[in-house]
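The values are calculated or read from the model by the stated rules, or taken from the named source; none is laboratory data. Predicted model, so just to flag it, every value in this text is computed and none were measured. Note: ideal-geometry Cβ built from the backbone for every residue, glycine included; neighbour counts use all protein chains shown.
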Amino acid sequence: MKPICEIIVKKVMPLLRARVVYKLYNQYGRNQMKIAEKMGISQSAVSRYISGERGVCKELLDKIPVIEEAADKMAEMMVRGASEEEILEVVCETCEKIRSNPVFKKCLFEAKD
């Protein structure tokens, strides 16, 4: 049995990053290099997130709406120049919402790898 934190790191974080990248690129018109710099990832990772090769799990997005809400908030914060600390607080809040909601937790344990 895996602890919920390990499952969140494996399943939620890549999905959250993918959604933030997608929003920065498609909604805010940021280029891949700027997104990569801002998020501390490679440009090729950004490209894979945008194309859907990485970090995609529609099942979790549909069942755990706080992931999309967090991605919206984080992308907007990045565009307006919020500090890394402020943005990471959203990640922590999202994790807490998932961990404290039995329905969300159940979805994570049942989601395919």
key: the range 47-63, residues that are part of a helix (DSSP H, G or I) and among the basic types (K, R)   = R48, K58, K63
ask   = Across the range 68-97, which residue is farthest from K2 (Cα to Cα) among those that are touching a Lys or Arg at 6+ places or on another chain (Cβ under 7 Å) and buried (at least 17 other Cβ atoms within 10 Å of the Cβ)?
value = M78
query = Since K106 meets every condition but one in (1) at positive phi; (2) surrounded by fewer than 15 Cβ atoms within 10 Å (Cβ to Cβ), which condition does it not meet?
reply = (1)
request  = Run S44 past the list (1) part of a helix (DSSP H, G or I); (2) touching a residue at least 24 places away in the same chain (Cβ under 8 Å) and report the number of the one that doesn't hold.
outcome  = (2)
note = Here the residues within the range 80-100 that are among the small types (G, A, S) and within 16 Å of M39 (Cβ to Cβ) are G81, A82, S83
ask   = Which number in (1) within 27 Å of F109 (Cα to Cα); (2) surrounded by fewer than 19 Cβ atoms within 10 Å (Cβ to Cβ); (3) touching a Leu at 6+ places or on another chain (Cβ under 9 Å) marks the one condition that K34 misses?
value = (1)
key: Selection status of Y49, surrounded by 16 or more Cβ atoms within 10 Å (Cβ to Cβ), of a type in the set (S, T, Y) and modelled with pLDDT under 95   = yes
ask   = In the range 90-113, how many residues are within 16 Å of the chain's Cα centre (by Cα) and without any contact (Cβ under 8 Å) to a residue 24 or more places away in the chain?
value = 4
inquiry  = Is it the case, given these coordinates, that I50 is of a type outside the set (D, E), touching a residue at least 24 places away in the same chain (Cβ under 8 Å) and in contact with a Cys (Cβ under 9 Å, 6 or more places away or on another chain)?
reply    = no
